[in-house]
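**Student:** Okay, here's the structure, questions in a sec.
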Amino acid sequence: MSGPTIRRRQLGGALRRLRADAHETREQTAFLLGCSATKVTYLESGRNVIGKTELIVLLQHYGVEDKLQTLEELRQEAGKRGWWSQYGLPEWLAGYVGLETDATSLRCLELENIPGLLQTEQYMRTLYTVAGRLSAKEVNRRVPARLKRQERLTGESPLPLTAVVSQAALERCGRDDRVAADQLAQLLDRAQWPNIELRVLPFDQGLHAGTDGPFSLLSFRDEELLPDIAYQEYAVGGHVIDDEAVVSQLVRLFDELRSQSLDADESLAMIAQLAQQIQ
């Protein structure tokens, strides 16, 4: 699912929630806009994109004109491609990168790998080599794209990142000691940035509720209009989860795993100890 497609779904979901809050039916909204109820359904499902004039009329009618800037920005984004389109990413990944670009905070659980936004270039390339599924040409597109994504962690409005990382990911840093040493050194550095919180889920925690797999949670500027979205990636793809009940379950799971993890200082100490063992 591409970035524009997901933005249409976000916009449509926001329109649906605003209509529900205003206690309006689709038929009433259709009458207001001078269209069919089917068109309203298409707008709220993300199949079609609402026009600016229609958006203004709706928000005035619902009494929420203050939401115009957020929804107009989303409406404009829904019709264009983002910076990531130049890297030829598959649609499932491009969709996620679009959300990550717009997010105001990111939480992630990683069990076997270092979080993508904290990886070194050589670690990335080692991962792709070990997986063996991508051509060299594809790897040479994916790596620069991931490095570009890491720019969200810096600049005037750096993305707040909270990462719960299994000890296994640290222990598996790479077959090459140089790759592992550089990756652990970068983790030690990044974990001390003010916008990054890194927590290690240690082996001595035993079995835990997150063994079903890694996931990410993204939050956006207006939580009422744009609720949290989750993302899960697997061997040959990934998918966005926008079902609010499911996302809420993942939020609770993340909070539970974070509470079971080492605190920030203890996590840094473990990473430093592992780095020392490699040198």
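The values are calculated or read from the model by the stated rules, or taken from the named source; none is laboratory data. All values reported here derive from a predicted model rather than from experimental measurement. Using ideal geometry, Cβ is built from the backbone for each residue, glycine included, and neighbour counts are taken over all protein chains shown. These accessible areas exclude ligands, DNA and RNA; they are computed on the full protein's heavy atoms, side chains included. Shrake-Rupley method; radii C 1.70, N 1.55, O 1.52, S 1.80 Å.
**Student:** With every protein chain present, what is the per residue accessible area of the range 186-279 (1.4 Å probe, Å²)?
**Tutor:** 54
**Student:** Label residue 65 and residue 219 with points 7 Å out from Cα along Cα→Cβ: what is the distance between them in nm?
**Tutor:** So the two model labels end up 3.0 nm from each other.
**Student:** Ok, one more. Between residue 172 and residue 151, what length comes free when the chain is fully extended (0.36 nm per residue of separation minus the Cα-Cα distance, one decimal in nm)?
**Tutor:** 5.1 nm
**Student:** Please label the shape of the range 99-252 as rounded, prolate or oblate, based on the square roots a ≥ b ≥ c of the eigenvalues of the alpha-carbon gyration tensor (a/c under 1.5 means rounded; beyond that, a/b larger than b/c means prolate, else oblate).
**Tutor:** Cα axes put the range 99-252 in the rounded bin.
**Student:** May I have the count of lysine pairs in the chain with C-alpha atoms under 27 Å apart, counting pairs 8 or more residues apart or located on different chains?
**Tutor:** 9
**Student:** Something else about it: Under a crude label model (7 Å from the Cα following the beta-carbon direction), how far is residue 121 from residue 141 in nanometres?
**Tutor:** Output for this residue pair reads 2.0 nm.
**Student:** Hey, can you rank 121-134, 94-107 by average C-beta count inside 10 Å, highest first?
**Tutor:** Descending mean neighbour count gives 94-107, 121-134.
**Student:** Whenever you get a sec, compute what percent of the accessible area on the chain sits on carbon and sulfur atoms (1.4 Å probe).
**Tutor:** Carbon plus sulfur share of accessible area: 47 percent.
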